[in-house]
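These notes are about the structure you will find just below.
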Amino acid sequence: KKMPAKDLGPWKEPVEPVYVRSWEHDAGTLPFGYHTVVASISRRVDIYPDERDIGLTLNVVNNYIDSQVSGKLRLLVPEGWEVSQSEFEYTLTAQDYASFKVKVRKTSVAAQGQVRLLYEHEGQIFEDILEIGGMITPEFIMKKTEEGIVGIIKNPSKELIEGELAIASPIETWPKSVVGDFSMVDIYPRTCKVFVPAGETKEFLFKVNPHTAEVHASWWAVGKLMVNGRIYMKAVKEPGKNRKWRARTMRDIIEAENGSLVPYLNLMLS
């Protein structure tokens, strides 16, 4: 008897576009799909004599050993910049590749901006980014509020910042569905898409949900912001309630028993 098809788990990344250079974001593994088809902007840039024009090479590779693939690359440049071609169709046999040359004209010699290459494969959108003339550095903080943990990202540049903000925290703050009774507090979502237009500031909320009001658990969390191949980290913590009562109890019992630890140990083990 043929069993019905059913997803056994996630089949795509939680945040798109998926940055193709995942190792730069210390992602641990390749994205879903394992880069069966991958496109990128070569880091070798040709500078023309007038220094306003630059030459780029776009590469696309079919890593399948038994399948042909077809698709389209889209190249996005900053507002006011010109590009000789913005779309590139490809059809590649198994283990084949293709390269495309493109000329980009900046608004000025000193102009800074991001060139983005996007493509879709098996329901996921992938992206490579090349920064020209300098990098964009977001302003990033994490803070604890009554609602939970808030990541605040300010974009001081004239271009869009797009990336991912993930939470790293102890096993006791993971979902009960994953770690069972180890879970005392649920911090969620574990990751979210970052989209901050030029000159704007955005807030990203991570809820903190204790499983019981009887336990005031202490915890820590680190926000990991991933943008354009760079990582920014900020920490936040909940110290929990003061537990000095135990120290006072231990001192009182020991003093009452003329320095003996036995009654205190019996109390702790009971």
Exercise. Right, G199: on the phi > 0 side of the Ramachandran plot, more than 14 Å from the chain's Cα centre (by Cα) and either surrounded by 13 or more Cβ atoms within 10 Å (Cβ to Cβ) or modelled with pLDDT of 95 or more (or both) or not?
Worked result: yes
Exercise. Can we say S40 is within 25 Å of V194 (Cα to Cα) and in contact with a Ser or Thr (Cβ under 8 Å, 6 or more places away or on another chain)?
Worked result: no
For this session: Might you check whether a residue that is outside any loop (DSSP other than H, G, I, E, B), more than 30 Å from Y34 (Cα to Cα) and among the hydroxyl-bearing types (S, T, Y) occurs anywhere in segment 185-207?
Result: yes
Exercise. Within segment 19-30, is even one residue buried (at least 17 other Cβ atoms within 10 Å of the Cβ), closer than 24 Å to L160 by Cβ and aromatic (F, W, Y)?
Worked result: yes
Exercise. Across segment 1-41, what is the number of residues that are closer than 21 Å to G223 by Cα and among the charged types (D, E, K, R)?
Worked result: 5
Seminar exercise, completed: How many residues of segment 1-40 are in contact with a helix residue (DSSP H, G or I) (Cβ under 8 Å, 6 or more places away or on another chain) and part of a loop (DSSP other than H, G, I, E, B)? The answer is 3
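This table checks each residue for (1) over 21 Å from the mean Cα position of the chain (by Cα); (2) under 17 Å from I54 (Cα atoms); (3) at pLDDT below 95.
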| site | (1), (2), (3) |
| --- | --- |
| A111 | yes, yes, no |
| V115 | no, yes, no |
| G134 | yes, yes, yes |
| E139 | no, no, no |
| M142 | no, no, no |
| E146 | yes, no, yes |
| G151 | no, no, no |
Seminar exercise, completed: Every listed condition ((1) surrounded by 11 or more Cβ atoms within 10 Å (Cβ to Cβ); (2) modelled with pLDDT under 85; (3) polar (S, T, N, Q)) holds for N258 save (1)
For this session: With the condition kept exactly as written, say whether any residue in segment 223-239 is of a type outside the set (V, I, T), assigned to a strand (DSSP E or B), modelled with pLDDT under 90 and surrounded by 12 or more Cβ atoms within 10 Å (Cβ to Cβ).
Result: yes
Seminar exercise, completed: Here the residues within segment 157-169 that are surrounded by fewer than 16 Cβ atoms within 10 Å (Cβ to Cβ) and either under 20 Å from the mean Cα position of the chain (by Cα) or in a strand (DSSP E or B) (or both) are A168
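The values are calculated or read from the model by the stated rules, or taken from the named source; none is laboratory data. This structure is a prediction, so every number in the text was calculated from the model and none was measured. Neighbour counts are summed over all protein chains in view; Cβ atoms, including those assigned to glycine, are modelled from backbone coordinates with ideal geometry.
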